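The values are calculated or read from the model by the stated rules, or taken from the named source; none is laboratory data. If you're wondering where the values come from, they're calculated on a predicted model, not measured in any experiment. Counting neighbours? That spans all protein chains shown, and the Cβs are built from the backbone with ideal geometry, glycine included. Each accessible area value is taken on the protein alone, full model and side chains, heavy atoms only, with ligands, DNA and RNA left out. Shrake-Rupley method; radii C 1.70, N 1.55, O 1.52, S 1.80 Å.
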Amino acid sequence: MRSRRGTVAALAAMTLALTACAGNAEEPETEEPAAGEEEPADETADFPEGSTMAELAEAGSITIGTKFDQPLFGLVGPDGVPQGFDVEIAKIIAAELGIEEDGIEWVETISANRESFIETGQVDVVVATYTINDDRKERISFAGPYYEAGQSILTLTENEDIEGPDDLAGKKVCTVSGSTPEKNLLENYPEAEVVPFGTYAECIDPLRNGQVDAVSTDNVILAGFAADNDDLEVRGEPFTQEPYGIGLAKDDTDFRMWINDVLEAAYEDGRWTDAWEATAGSVLPTPEPPAVDRY
């Protein structure tokens, strides 16, 4: 019979042998950056933990509401993707989050649903010729402004009766239901007959067939329609100030301030000017970008 001491010695020898074999096993290789290469950056590293910026950067995607029928600012192209100045501003924001263009989901927003889309989380931000005003601030927050437009008038080139807002008395004027221009017409030009539609593009055929005498909204939107149609003309000087902002969830102050930082950086490094000149700048002169309002 083998002694207890012999058994223990044998077990010890086996343990040493197994340990030696394990020590000689090849360690799994880890990829090291090549000479001169940097390790991939963590896109969320610069954002506070739990912030909207960190969440979007980690997801690698963002949902953005914009207009699909606004020449120069947000118009769906042949490929089904919107194009325009608003779209380019939105891309700048996405890029600063480390999100590629194919990580952007574009959602059509019209004047009547912008606040509700933000409140219900259907979009992360809205960049859609969206005028900043106090009524809207009761429901959402705004970054910006990133552009300042002004309400104006579009009519047929052959129309000689309308040159400015004072000529709208007794005239049928098409605009969009729930928009700032509609509110301005109802409050300040009560003698005009306001004819509301869902989108501004829907106003063009009624203008041509005589159902309405004019279309009224922001000058840059009307300039886009006039640029594409020789029978349409923008009349007079803008008669309001319409600061365009980026809509986001109410009280998300960190996100709002971060977007303001991005806008100011884009003003300084030329990205804002490049975005304008590649879109609305094909028709309109390049303006000075407005100062952001850090309310």
Item to complete: May I ask you to derive the relative contact order of segment 193-258, considering only C-alpha pairs under 8 Å and at least 6 residues apart, and to give it as an integer percent?
Response: 16
Item to complete: May I ask you to rank LEU72, LEU186, LEU154 by accessible area, largest first, using a 1.4 Å probe over the protein chains only?
Response: LEU186, LEU72, LEU154
Worksheet entry | Sites THR253 and GLU187 - FRET efficiency at Förster radius 35 Å, r taken between beta-carbons, to 0.05 | 0.65
Fill in: Inter-site label distance for GLN211 and ASP274 at 7 Å from Cα along Cβ, in nm
4.3
Worksheet item: Okay, which of segment 167-185 sit inside 17 Å, backbone N to the point 7 Å along the Cα-Cβ direction of ALA227?
Response: none
Fill in: Rotationally averaged projected area of segment 126-190 (alpha carbon convex hull; nm²)
5.6
Worksheet, complete the sentence: Net charge near LYS171 (other residues with Cβ under 10 Å of its Cβ; Lys, Arg +1; Asp, Glu -1) is -4
Discussion item. Give me P(r) over segment 70-141, computed from all C-alpha to C-alpha distances, binned every 5 Å, as integer percentages.
Written reply: 3, 14, 25, 25, 21, 9, 2, 0
Worksheet, complete the sentence: For GLU187, GLU160, the accessible-area ranking with a 1.4 Å probe, largest leading, is GLU160, GLU187
Item to complete: Let me see the pair-distance distribution of segment 151-235: every alpha carbon pair, 10 Å bin width, integer percents in order.
Response: 20, 61, 19, 0
Worksheet item: How high is the relative contact order of segment 151-235, in percent, with contacts defined as C-alpha pairs under 8 Å that are six or more residues apart?
Response: 44
Worksheet, complete the sentence: segment 141-243 accessible area per residue, 1.4 Å probe, protein heavy atoms, integer Å², reads 42
Worksheet item: How long is the gain from ASP102 to GLU237 if the chain were fully straight, where each residue apart is worth 0.36 nm and the alpha carbon distance is subtracted?
Response: 44.7 nm
Item to complete: Would you mind telling me the share, in percent, of accessible area of segment 151-235 contributed by carbon and sulfur at probe 1.4 angstrom?
Response: 41
Worksheet item: Stretched out fully, how many nm does the piece from LYS137 to LEU156 gain, at 0.36 nm a residue minus the Cα gap?
Response: 3.3 nm
Practice prompt. For VAL87, VAL76, give the ranking by accessible area with the largest first, probe 1.4 Å.
Written response: VAL76, VAL87
